[in-house]
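As structure tokens, the structure follows; a few thoughts come after it.
The values are calculated or read from the model by the stated rules, or taken from the named source; none is laboratory data. Note that the structure is predicted; figures quoted are calculated from it, not measured. Glycine gets a Cβ as well: all are built from the backbone with ideal geometry, and neighbour counts include every protein chain shown. Surface accessibility is based on the protein's heavy atoms, side chains included, excluding ligands, DNA and RNA. Shrake-Rupley method; radii C 1.70, N 1.55, O 1.52, S 1.80 Å.
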Amino acid sequence: MGAIKSAINDVLLTFMWVFCSSMFGLFTSLIATALGVQHQFWVSLFITTFIVFVFVFLFGLIANLLGGASFNPTGTAAFYAAGFGEDNLFSMALRFPAQAAGAVGGALAILEVIPPQYKHMLGGPTLKVDLHTGAIAEGVLTFLITFAVLVIILRGPRNSLVQHWLLAVVTVTLVVLGAKYTGPSMNPANAFGWAYINKWHDTWEQFYVYWICPFIGAILAAWMFRLVFPPPAPKQKKA
């Protein structure tokens with residue numbers, strides 16, 4: 001029952017995340033235009049980072065209320081590989097499809113309610129380079145963000161606001177770096193949700209670039225984290 005409950009909570013959280021995160025670009029554009037700074041790259045980047053920070057912080061609270069729900073399969077896998085959390089292979093086998101289903105629901109929902117004049121600003125990651133370059137890029141980016149998340153959450157500052165600001169900065173930085181390669185996604189569920197909308201969710205390109213390589217990157221990041229920050233040896237009981 002615990003695994004099923006986790007999967008249900010993941011559906012809800014991923015639905016909400018994809019619904020909201022799809023509008024980050026729109027929010028940035030509206031705020032930058034209102035402030036008259038829409039042509040100033042660094043100011044717009046700061047606005048985006050602040051928006052991501054607010055939503056990452058709010059979703060962290062929601063995730064805790066939902067018992068540790070997640071909207072990113074690679075994050076779930078990475079914490080498992082790093083030796084943290086209560087997941088097992090069975091629970092992850094339920095959670096990953098649940099997260100993908102939640103992403104599809106979130107993408108469908110936002111397209112239904114967004115005003116028509118803004119629909120062109122919505123969309124998921126798309127491959128902008130050749131297949132193998134894109135796969136490597138998505139794997140490397142997922143490695144970097146996963147390692148950063150593990151360090152920030154498990155070894156970083158204890159202040160929650162500082163933690164979430166660092167997460168936002170890392171996320172936006174890697175999104176900018178990966179924009180000309182794969183979008184990027186660094187989240188297989190999010191990529192699947194939009195691929196489903198565009199009817200290429202069952203292609204080798206989607207599976208290879210946005211699932212296989214991100215999982216490889218996330219698992220390698222978790223192993224690297226354990227190598228750099230080995231868990232403390234259990235204390236031996238005195239005789």
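A compact table of results
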| read-out | value |
| --- | --- |
| Computed Rg/Rh of the chain, alpha carbon atoms with Kirkwood Rh | 0.98 |
| Selected from P125, P73, P116 as most flexible by GNM, with the chain as the system and alpha-carbon contacts under 10 Å | P116 |
| Rounded to the nearest 10 Å², the accessible area of T146 at probe 1.4 Å | 10 Å² |
| Per-pair calculated FRET efficiency, R0 = 41 Å: L227 and V113 via Cβ, rounded to 0.05 | 0.35 |
| Computed [θ] at 222 nm, helices only, for the chain once each DSSP H run of length n ≥ 4 contributes -39500 (n - 2.57) | -22000 deg cm²/dmol |
| Calculated FRET efficiency for the pair W204/M121, C-beta based, R₀ 22 Å, to 0.05 | 0.15 |
| Accessible surface, per residue, of the range 3-227 when the full set of protein chains is kept, probe 1.4 Å, Å² | 49 Å² |
| In the range 3-227, lysine pairs with alpha-carbon atoms under 26 angstrom apart (chain gap of 8 or more, or interchain) | 6 |
| Interatomic Cα distance distribution for the range 135-239, bins of 10 angstrom, percent | 15, 37, 29, 13, 5, 2, 0 |
| Fraction of accessible area attributable to carbon and sulfur, the chain (%, probe 1.4 Å) | 70 percent |
| With DNA, RNA and ligands ignored, accessible area of F41 (1.4 Å probe; Å², nearest 10) | 120 Å² |
| Two-site label geometry, V162 and K180: point separation in nm, points 7 Å out along Cα→Cβ | 3.5 nm |
